[in-house]
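Data first, discussion second: the structure below is written as structure tokens.
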Amino acid sequence: MPEPAHPSPVDPAELGFEAIVYDKVPPRATITLNRPDVLNAFDFRMLREIARACEDASWDDEIRVVVVTGEGRAFCVGADLRSWDDTLVGRPQEYWKWFGAFKDMHDRLRELGKPTIARINGIAVGGGNELQMACDLAVIVEDAFIRHVGLEHGSVPAGGATQWLQLMVGDRRAREIVFLCDEIPARQAAEWGLVNRAVPADELDPVVDGWVESLVRKLPQTTRYAKQQLNVWRDLAWHQTIGHARDWLSMSMLGEEAQGAIQAFLDSRRER
């Protein structure tokens, strides 16, 4: 569709999304990552569509809360490395462009001026954890887990994790998550403060519904400013590091270490 002449929301059907499902039932908008065949891994289209959905929700005065969730058995497992073989590995300029879309998605979500809820319906790995961390509140099903694997796959988790984990779980636990790449069970994630709550699957929607109902009772402009103030430490860490991370990670696509790790991951998937 053509670029809007004014910051006016539209019917989600007009946006023509393919990688996400964007639904608005005021006062709630829901963004559902919709690539279940690859566990909702990010590709370029998905990043762009999430950003556009956040923009639309920010323009819609009838929308008071945005919920982010996944289709199928995963919330999100981060970047789709299987698409990198032909497009990004060994091509730093192309990676720089891709990471720009990742950064824009994060900025749109964090700055949309309304509370956001991560409805974590399954595993959240790498950039998937960074996505849920970018939301204001998070609830996870108790049989899921959170994990970072970047140090095994040639990528520093610099899209939120190395900026925000210390704020949420403390320095020692942040290092444990990033360095060891172990699975963090849902209950442990809640105990550490990485998410707000871990619940059985049949309680996931009631918790989200309850939060939405509570948030809608709050004054919207006051809530928007409170969110801006609460973002101060996240924003400080983010803006001090994200540009450097974008350039360093782009150049790392030329290195033997990153290329070898990504190729090993792709080979392991082909063998399955």
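So the values come out like this:
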item	result
Simple label model, 7 Å out from Cα along Cβ direction - Gln221 to Glu62, nm	2.2 nm
On Cα atoms only, tilt of 44-59 relative to the major axis of the chain in degrees	20 degrees
Percent accessible area from carbon and sulfur atoms, the chain, protein chains only, probe 1.4 Å	50 percent
Exposure ranking of Lys227, Lys218 by accessible area [1.4 Å probe, largest first]	Lys218, Lys227
Ranked order, Phe145, Phe44, Phe75 - accessible area, probe 1.4 Å, largest first	Phe44, Phe145, Phe75
Exposure of Arg35 as accessible area (Å², to 10), given a probe of 1.4 Å and all protein chains	40 Å²
Unit charges on C-beta of K, R, D, E only; dipole of the chain, Debye	600 debye
Area accessible to solvent at Trp248, 1.4 Å probe radius, in Å²	150 Å²
Rough spin-label spacing in nm, given labels placed 7 Å along Cα→Cβ, for Ala201 and His6	4.6 nm
Length-normalised contact order of the chain in % [C-alpha pairs under 8 Å, at least 6 apart]	19 percent
Selected from Gly150, Gly122, Gly210 as most flexible by GNM, with the chain as the system and alpha-carbon contacts under 10 Å	Gly210
0 to 90° range, to nearest 10: angle between helix 232-252 axis and the chain longest Cα axis	30 degrees
Accessible-area ranking of Phe42, Phe17, Phe179, largest first, probe 1.4 Å	Phe179, Phe17, Phe42
Lysine pairs with alpha-carbon atoms under 28 Å apart, the chain, spacing 8 or more or separate chains	10
Net charge over other residues, Cβ less than 15 angstrom from the Cβ of Gln229 (K, R count +1; D, E count -1)	+3
The chain - share of DSSP beta bridges that are antiparallel (%, nearest 5)	25 percent
Which label in (1) 18.5; (2) 18.9; (3) 21.4 gives the computed Kirkwood radius over Cα pairs in Å	(2)
Of Gly122, Ile177, Gly72, farthest towards positive along the dipole that unit charges on Lys, Arg, Asp, Glu beta carbons give the stretch 45-203	Ile177
Span from the the stretch 64-83 Cα centroid across to the the stretch 162-196 one, whole angstrom	19 Å
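The values are calculated or read from the model by the stated rules, or taken from the named source; none is laboratory data. If you're wondering where the values come from, they're calculated on a predicted model, not measured in any experiment. Quick reminder, even Gly has a Cβ in these numbers, built from the backbone with ideal geometry, and neighbours come from all protein chains shown. All accessible areas refer to the heavy atoms of the entire protein, side chains included, with ligands and DNA or RNA removed. Shrake-Rupley method; radii C 1.70, N 1.55, O 1.52, S 1.80 Å.
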